[in-house]
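Working notes, beginning with the structure itself.
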Amino acid sequence: MAGLAASFGSGAMTNSINEIAQAACILVTGSDTTSGHPVIALEVKKAVRNGGKLIVANPREIELCRYAGIWLRHAPGSDVALLMGMMRVIVDEKLADVAFIGEHCENFDAFRESLRNFGLDFVEKVTDVPSAKIAEAARIYATNKPATILYAMGITQHTHGTDNVLATANLAMLTGNIGKPSTGVNPLRGQNNVQGACDLGALPNVYTGYQRVDNPDVQNKFEIAWGCSLGSSPGLTLTEMLDAAHSGQIKAIYLMGENPVLSDPDAKHVQEALSKLEFFIVQDIFLTETAELADVVLPATSFAERDGTFTNTERRIQRVRKAVEPVGNAKPDWQIICQVAGRLGANGFDFEHPSQIMDEIASLTPSYGGVSYQRLEECGLQWPCPSKDHPGTPILHVDRFVRGLGRFTPLEYKPPAELPDEEYPLILTTGRSLYHFHTGTMTRKVSGLNAIEPHGVVEINPVDASSLKIADGHKVKVVSRRGEVICKAKVTKESPPKVVFMTFHFAESAANILTNPALDPVSKIPELKVCAVRIEEVQET
Amino acid sequence: MVICEKTEVTNLTIDGQQIAAESGMTIFEAATKVGIYIPSLCAHPTLPPSEECGLCLVEIEGEPEFVISCTTKAAENMVVHTETPELRQKQRQVLEKILSEHPNACLTCWRKERCQPFDVCLRNVAVTERCVTCPKNGRCELQEVADFLDIEAEPIPYKYRGLPVNRDNPFFDLDYNLCIACGRCVRACRDVRGMQTIDFTELNGYRVAGPVKANHKESECRFCGACVDVCPTGALMERCGKWQGLPEDSIITTCPYCGVGCQLILETKQDRIIRVAPVLENSVNQGQACVKGRFGIAEFVHHPRRLTMPLIRKNGELTEASWNEALDLLAEKLAGYKGDQFAFIASAKCTNEENYLAQKFTRMVMASNNIDHCARL
Ligand code: SF4
Ligand code: SF4
Ligand code: SF4
Ligand code: SF4
């Protein structure tokens, strides 16, 4: 989310979920919303029923295409070209909101310069979308206000994911679609508490509320509050940690509630890295593929057995409430950490209830300053909520951007890190299913969900299927430069020609054995959405 | 810059009460807003009205006929009555017509409040036709309406339909014998979910709601459960917890799956989750959820393979250990890895408080800024 922070000063969803239905135009890109965020998809459908125009940009024929006025089926990884092409049309046809740009934004001229490279002929060639369609989408977005942009992992999981995000930010600023109801740029967070984990400083470079570790004032504040001295240089990101574990620099990892063996790109590398650790602690509710590698496994409670809060994708801090007693000797994660810290002789971990932890968070975090369990009772609070009498903030950047002026960023088109060639002629793109979640740790334990969708498949267009002589339901081998996976083929027009699709929920056919770990240089997000593969038939025995 | 639209107000009187309704509200909505109950079986706060059941009649002064209140807009200075004896008489007739198509011996029995599932039935009602053996017993809107209209009489002539129960999917059952064709499920699926999985159909001459193709899956059902949530009777029931009866307890919490953060009610009995339903009011999801939150929680929470004891690797094998042993080992080992050789991988599945503690622990106790989670994925 580095892109949005650079443009606007905050990386979070700018607007709220319940505003979507009133938008006159919605651009959904890089999100299969009905699968990834089903209840947000309902708001999109409501907007269409209210007469709003829906533009879907997606290589795959997702369910929302049925509701879309216009569907841009662009080549995977060509998002920057597509969006810049649209902006070129908006500028050329004088549909930009010049007054808004003049008053609220900076760096517009440099950005406009960079549009020169995006003549529609070039854009059509790169994206595979007819230029007339791109122009039409541009006009629809620019002239139907308020317009809002929704995006998800289909935008960020690229080696140039930050550029993709910057492009969406440019587009919103260009048309003045920011800081008002039903506008904005709205990253839909994948997991329930990604927003909260970031907000609360589970990041190498910031404490809570994005306060930088290399800012001496911040460091000082936390040193006084916690009564210790603290490091001022940012730590390693997840991918860097795994590399460091691989090379022996990191010797001990404490992992809580994640399953990187299934979720991270290049599964083999992750497994090797974790096996090299001298001491590996895993804390989870099940013995996951990752926990199998641990030296110590600690039983945690599920969300239903603990109190706490999650922050949803629209920055709303909401209560998690205990419904049942912990199973066996499982304990909530917060309690386990407190006990480990206690054994190590640390002070400042003697909490009896998560509400006390939230009070400490509020005292150290400006954007959570007004949050307390009492205030969350009704329907939560949307940050920033700086003080006890602040009602919370449904819309960011009202009147002025968080960073002062919105910053336009000049962009250029960069192809994906790995493109198809003779040996690996197809593009593999990955995504989520409605019926499973993330690595399936929870959903694959649910028999009904398994009955509806028992195993992973690779979706392939009928044209490719017939040239490869593969029939629906056939077992195939998907091979990339990093590994191979065997699964069944599903022949469907939902995948465009030359593009195949897999989900990453299934351990026995894990898409991340195939995907490319190449990172976006800024956000450090790996390119899970594009890699080159070939498909071979497997003779059933 | 937030636009605060001023809502126009319509003033009307219902049962002698002055009401300032938002303009555009129906009489039914205006009455519900101030807590006046008008019996109905097809109206639902999340659905467009349909007039299907014909129960929600009211009298408007100056109008020759009773009107259906769920589709009649409130008008300035309107004077409405909802509880005249004539209205009740008419509503009873409408209900009796509905009941002639639904098992009703229990509904009209004077003993219904006292009856337990294993009591001898005074009316000799077949087990399949008793409320006390119906999974919806105690939270059935048809029961509520029958109670409200106080139908205590001889059983209304009715023949058990003998239709099969549709169990074509893993999540919910559709008992065509209990369907009163109110159409709520059809509207929820079509008008709220944007799907067209179910519609009215005829089975052995009875009008019921059912999947448009051979089964729910083929009819593109997404198993969101919206139809189940609005069904006023026991026709559509989630299978999990179906026979558990009423919950002992319930709490509101946040869905553990995607970033929407739907608010869910977890109903529990004997320390187990028996049912999960979306929260209607004051929530991001406004009464909606998806298959994962609606049907994908209880089973993983209560799964037999949940970890219940700490495990320590001994001779290459993960072996059960006590908390004391595990914590001692952790403390002893971790003391030797302070600084840059330590890293913490926190989680987007854990709570805010836990992520806060994870980074505090890493930075303060382990003297390392190596903390991250899988947000990037
Ligand atoms: S649906 Fe309601 S009225 Fe009908 S048998 Fe069940 S509890 Fe009784
Ligand atoms: S579960 Fe959802 S999609 Fe399926 S029939 Fe019911 S409302 Fe429609
Ligand atoms: S199944 Fe339930 S909601 Fe649907 S029409 Fe029948 S009674 Fe009404
Ligand atoms: S119920 Fe479905 S849409 Fe709602 S938060 Fe859970 S997973 Fe997301």
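The values are calculated or read from the model by the stated rules, or taken from the named source; none is laboratory data. Just so it is clear, the structure is predicted and the values come from calculations on it, not from any experiment. We place every Cβ from the backbone using ideal geometry, glycine too, and count neighbours over all the protein chains shown. Quick note on the areas: whole protein, heavy atoms, side chains included, nothing else; ligands and nucleic acids left out. Shrake-Rupley method; radii C 1.70, N 1.55, O 1.52, S 1.80 Å.
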### Query
What is the one condition in (1) closer than 26 Å to residue B:108 by Cβ; (2) within 16 Å of ligand 2 (Cβ to nearest atom); (3) in contact with a Cys (Cβ under 6 Å, 6 or more places away or on another chain) that residue B:224 does not satisfy?
(1)
### Message
Need a quick list: helices (runs of 4 or more DSSP H) entirely within segment A:196-297 having at least 1 residues that are at the interface with chain B (Cβ under 8 Å from one of its Cβ atoms) and under 27 Å from the mean Cα position of the chain (by Cα).
### Response
A:238-246, A:260-263
### Query
Based on what the data block shows, is residue A:328 facing chain B (nearest Cβ under 7 Å) and open to solvent by 20 Å² or more (accessible area, probe 1.4 Å)?
yes
### Task
With respect to residue A:380, determine if the residue is without any contact (Cβ under 8 Å) to a residue 60 or more places away in the chain and either under 26 Å from the mean Cα position of the chain (by Cα) or within 30 Å of residue B:324 (Cβ to Cβ) (or both).
no
#### Entry: Unmet criterion (only one of (1) outside any loop (DSSP other than H, G, I, E, B); (2) at the interface with chain A (Cβ under 7 Å from one of its Cβ atoms); (3) more than 16 Å from ligand 2 (Cβ to nearest atom)) for residue B:325
(2)
### Query
Among (1) in a helix (DSSP H, G or I); (2) in contact (Cβ under 8 Å) with a residue 12 or more places away in the chain; (3) surrounded by fewer than 24 Cβ atoms within 10 Å (Cβ to Cβ); (4) at the interface with chain A (Cβ under 7 Å from one of its Cβ atoms), which single condition is residue B:358 missing?
(3)
#### Entry: From B:48, B:85, B:64, residue being within 16 Å of ligand 2 (Cβ to nearest atom) and outside the structural domain of residue B:228 (by TED's automatic domain parsing)
B:48
#### Entry: Residue satisfying all of: in segment A:367-407; of a type in the set (Val, Ile, Thr) and open to solvent by 20 Å² or more (accessible area, probe 1.4 Å); nearest to residue B:261 (Cα to Cα) among these
A:393
### Summary
Note on residue A:415: of the conditions (1) within 25 Å of residue A:11 (Cβ to Cβ); (2) assigned to a loop (DSSP other than H, G, I, E, B); (3) open to solvent by 20 Å² or more (accessible area, probe 1.4 Å), unmet is (1)
### Message
Residue under question is residue A:455, and the condition is that it be under 30 Å from residue B:301 (Cα atoms) and open to solvent by less than 10 Å² (accessible area, probe 1.4 Å); does it hold?
### Response
no
### Query
For segment B:197-207, does any single residue satisfy the condition of being within 16 Å of ligand 4 (Cβ to nearest atom) and at pLDDT 95 or above?
no
### Query
Can you spot a residue in segment B:240-247 that is under 17 Å from the mean Cα position of the chain (by Cα) and crowded, with 20+ Cβ neighbours inside 10 Å?
yes
#### Entry: Residue ID - nearest to the other protein chains (Cβ to nearest Cβ), chosen from residues in segment B:154-182 that are more than 16 Å from ligand 1 (Cβ to nearest atom) and in contact (Cβ under 8 Å) with a residue 40 or more places away in the chain
B:170
### Query
Across segment A:468-494, what is the number of residues that are hydroxyl-bearing (Ser, Thr, Tyr) and at pLDDT 90 or above?
1
### Query
Given the residues B:284, B:276, which is the only one that is among the hydrophobic types (A, V, I, L, M, F, W, C), crowded, with 22+ Cβ neighbours inside 10 Å and either within 27 Å of residue B:243 (Cβ to Cβ) or out of contact with any strand residue (DSSP E or B) (no Cβ under 8 Å at 6 or more places or on another chain) (or both)?
B:276
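Conditions (1) surrounded by 16 or more Cβ atoms within 10 Å (Cβ to Cβ); (2) in a helix (DSSP H, G or I); (3) at pLDDT below 95, marked per residue:
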residue: A:76; (1), (2), (3): yes, no, yes
residue: A:80; (1), (2), (3): yes, yes, yes
residue: A:96; (1), (2), (3): yes, no, yes
residue: A:100; (1), (2), (3): yes, yes, yes
residue: A:109; (1), (2), (3): no, yes, yes
residue: A:113; (1), (2), (3): no, yes, yes
residue: A:121; (1), (2), (3): no, yes, yes
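Residues are listed down the side, and each one gets a yes or a no for (1) without any contact (Cβ under 8 Å) to a residue 40 or more places away in the chain; (2) in a helix (DSSP H, G or I):
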site	(1), (2)
A:103	yes, yes
A:126	no, yes
A:129	no, no
A:134	no, yes
### Message
What's the total number of residues in segment A:466-484 that are farther than 23 Å from residue A:77 by Cα and touching a residue at least 24 places away in the same chain (Cβ under 8 Å)?
### Response
7
### Task
Could you please give the count of residues in segment A:418-441 that are assigned to a loop (DSSP other than H, G, I, E, B) and among the hydrophobic types (A, V, I, L, M, F, W, C)?
3
### Query
Residue check, residue B:21 against (1) farther than 26 Å from residue B:192 by Cβ; (2) in a strand (DSSP E or B); (3) in contact with a Ser or Thr (Cβ under 6 Å, 6 or more places away or on another chain), all met but one. Which one?
(1)
### Task
With the condition kept exactly as written, say whether any residue in segment B:11-29 is of a type in the set (S, T, N, Q) and closer than 25 Å to residue B:282 by Cα.
yes
### Query
Is it the case that some residue within segment A:5-20 is without any contact (Cβ under 8 Å) to a residue 60 or more places away in the chain and more than 28 Å from residue A:519 (Cβ to Cβ)?
yes
### residue A:191 vs. criteria under 30 Å from residue A:482 (Cβ atoms), buried (at least 24 other Cβ atoms within 10 Å of the Cβ) and within 18 Å of the chain's Cα centre (by Cα)
yes
### Summary
When segment B:205-228 is checked residue by residue, the ones that are within 12 Å of ligand 3 (Cβ to nearest atom) and open to solvent by 10 Å² or more (accessible area, probe 1.4 Å) are B:206, B:207, B:211, B:227
### Task
Taking only segment B:132-188 into account, find how many residues are assigned to a loop (DSSP other than H, G, I, E, B), among the polar types (S, T, N, Q) and either surrounded by fewer than 17 Cβ atoms within 10 Å (Cβ to Cβ) or within 16 Å of ligand 2 (Cβ to nearest atom) (or both).
1
### Query
How many of the residues making up segment A:473-487 are touching a Ser or Thr at 6+ places or on another chain (Cβ under 8 Å), open to solvent by 20 Å² or more (accessible area, probe 1.4 Å) and outside any strand (DSSP E or B)?
1
### Message
Would you confirm, using the coordinates I've provided, whether residue B:297 is crowded, with 24+ Cβ neighbours inside 10 Å and of a type in the set (Val, Ile, Thr)?
### Response
yes
### Residues satisfying the stated conditions in segment A:46-61, i.e. outside any strand (DSSP E or B) and open to solvent by 10 Å² or more (accessible area, probe 1.4 Å)
A:46, A:48, A:49, A:50, A:51, A:52, A:58, A:59, A:60, A:61
